[in-house]
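Trainee: Please find one structure pasted underneath; my questions will follow.
The values are calculated or read from the model by the stated rules, or taken from the named source; none is laboratory data. Note that the structure is predicted; figures quoted are calculated from it, not measured. Note that we place each Cβ from the backbone using ideal geometry, even for glycine, and neighbour counts take in every protein chain shown.
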Amino acid sequence: MRGKQAPKREQVPDPKYNSTVISKLINMIMQRGKKTVAQGIVYDAFEIIEAKTKQKPMDVFELAIKNISPLLEVKARRIGGANYQVPVEVKGDRRLTLALRWLIGSAQSRKGMPMRQRLAMELIDASQNQGGAMKKKEDVQRMAESNRAFAHFA
């Protein structure tokens, strides 16, 4: 690596729930700099969650993120001309980033509804250990588990 690593920027909390995690979700949903559109999608999804589950949307969101967040992942390591998939533990920031990425990706892959509805359904499913994001987490965990024999290369 050349030069210094870029300093971590402080995430500004979102205006409605005063949460940095939700502001990160909004920023990841945002396309072409249209932040108010992304905020509308997230806040509308939270209203849909509240209407469907009769629970606080923040509680459903936090449970969904906790359920989706991976504990292990695999990293490719080249050792002696061979590539090995080495299981490594996922640290805090990356864990959250992966969870949000999988959540948004699986919400976008659902078809036939507006994004706010897809996001709400994915969050509800993830809080109940179901849905596309949960499947992605299980696949990653299974991959790490099956390559446990290469853990000594880490």
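Trainee: Name the single residue that is farthest from residue 39 (Cα to Cα) among those in the range 56-90 being touching a residue at least 24 places away in the same chain (Cβ under 8 Å) and among the small types (Gly, Ala, Ser).
Mentor: It comes out as 69.
Trainee: In addition: Can you confirm whether residue 45 is in a helix (DSSP H, G or I), in contact with a Leu (Cβ under 6 Å, 6 or more places away or on another chain), modelled with pLDDT of 95 or more and under 21 Å from residue 131 (Cα atoms)? Steps first, please.
Mentor: Working: in a helix (DSSP H, G or I): yes; in contact with a Leu (Cβ under 6 Å, 6 or more places away or on another chain): yes; modelled with pLDDT of 95 or more: yes; under 21 Å from residue 131 (Cα atoms): yes.
Answer is yes for this residue.
Trainee: Right, something else. Would you mind telling me which numbered condition in (1) in contact (Cβ under 8 Å) with a residue 12 or more places away in the chain; (2) assigned to a helix (DSSP H, G or I) residue 93 fails?
Mentor: Only one criterion in (1) in contact (Cβ under 8 Å) with a residue 12 or more places away in the chain; (2) assigned to a helix (DSSP H, G or I) is unmet by residue 93, namely (1).
Trainee: May I pose another question? Can you find a residue that is touching a Gly at 6+ places or on another chain (Cβ under 7 Å) and modelled with pLDDT of 95 or more anywhere in the range 91-106?
Mentor: Yes - at least one qualifying residue is present in the range 91-106.
Trainee: List pairs: first residue in the range 132-154 and closer than 24 Å to residue 101 by Cα, second residue in a loop (DSSP other than H, G, I, E, B) and not aliphatic (A, V, I, L, M) anywhere in the structure, Cβ distance under 6 angstrom, at least six positions apart or on different chains.
Mentor: Partner pairs satisfying both residue conditions: 137/70; 140/70.
Trainee: When residues of the range 1-46 are filtered for being of a type in the set (D, E, K, R), more than 23 Å from residue 93 (Cα to Cα) and in contact (Cβ under 8 Å) with a residue 40 or more places away in the chain, how many remain?
Mentor: 1
Trainee: Let me ask something else. Being farther than 24 Å from residue 16 by Cβ and either modelled with pLDDT of 95 or more or surrounded by 16 or more Cβ atoms within 10 Å (Cβ to Cβ) (or both), is that true of even one residue in the range 61-69?
Mentor: no
Trainee: Of the residues 101, 77, which is surrounded by 14 or more Cβ atoms within 10 Å (Cβ to Cβ), among the charged types (D, E, K, R) and outside any strand (DSSP E or B)?
Mentor: Only one candidate passes the filter, namely 101.
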